[in-house]
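Peer 1: One structure, as structure tokens, below. Some questions next.
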Amino acid sequence: MSALRRVSGVFAGGLVVLAVALGVAWVVSTRTGSPGPAGDFLAWHGVAAVAAVVAQVRADRARDGRGVGAALVVLLISAAVLAALWLA
């Protein structure tokens with residue numbers, strides 16, 4: 001279970017970094033007038049990042065099956081972001 005929590009923690013952190021990077025790209029693009037990420041794209045990444053962090057905190061605090069389930073939720077959120085926002 002410890003390895004699963006570590007992996008899900010990396011994914012949750014990756015979603016946060018991605019959301020922040022997209023936010024920076026949006027700010028830069030609006031200031032320079034160049035095309036950048038759309039608002040709904042940013043919003044979905046922000047929602048996914050917050051949900052993943054909440055699930056990861058739950059996974060880290062619960063040492064039973066609920067923790068495993070929460071870690072799997074983080075992986076599911078990451079897969080959903082990849083499939084719906086990047087591969088679609």
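Peer 1: Mean Kyte-Doolittle of at least 1.0 and a Cα length of 20 Å or more along the axis: which whole DSSP H helices of the chain meet both?
Peer 2: The qualifying helices are 2-32, 65-81.
Peer 1: Let me ask you something else. Efficiency by 1/(1 + (r/R0)^6): what FRET value for A3 and A43, r their Cβ-Cβ distance, R0 = 30 Å, to the nearest 0.05?
Peer 2: So, using R0 = 30 Å, E works out to roughly 0.40.
Peer 1: Another question about this same structure. In the Gaussian network model of the chain, springs joining C-alpha atoms below 10 Å, which of L75, L15, L42 carries the largest mean-square fluctuation?
Peer 2: L42
Peer 1: Given the options A70, A84, V24, identify the residue whose Cα lies farthest towards the positive end of the charge dipole of the chain (+1 on Cβ of Lys, Arg; -1 on Cβ of Asp, Glu).
Peer 2: Among A70, A84, V24, the one farthest towards the positive end of the dipole of the chain is A70.
Peer 1: Given contacts defined as C-alpha pairs under 8 Å and at least six residues apart, what's the relative contact order of segment 2-86, whole-number percent?
Peer 2: 38 percent
Peer 1: For the chain, how big is Rg over Rh, using alpha carbon atoms and the Kirkwood form of Rh?
Peer 2: 1.08
Coordinate-derived values only; no laboratory data. Keep in mind the model is a prediction, meaning the values are calculated, not measured. Quick reminder, even Gly has a Cβ in these numbers, built from the backbone with ideal geometry, and neighbours come from all protein chains shown.
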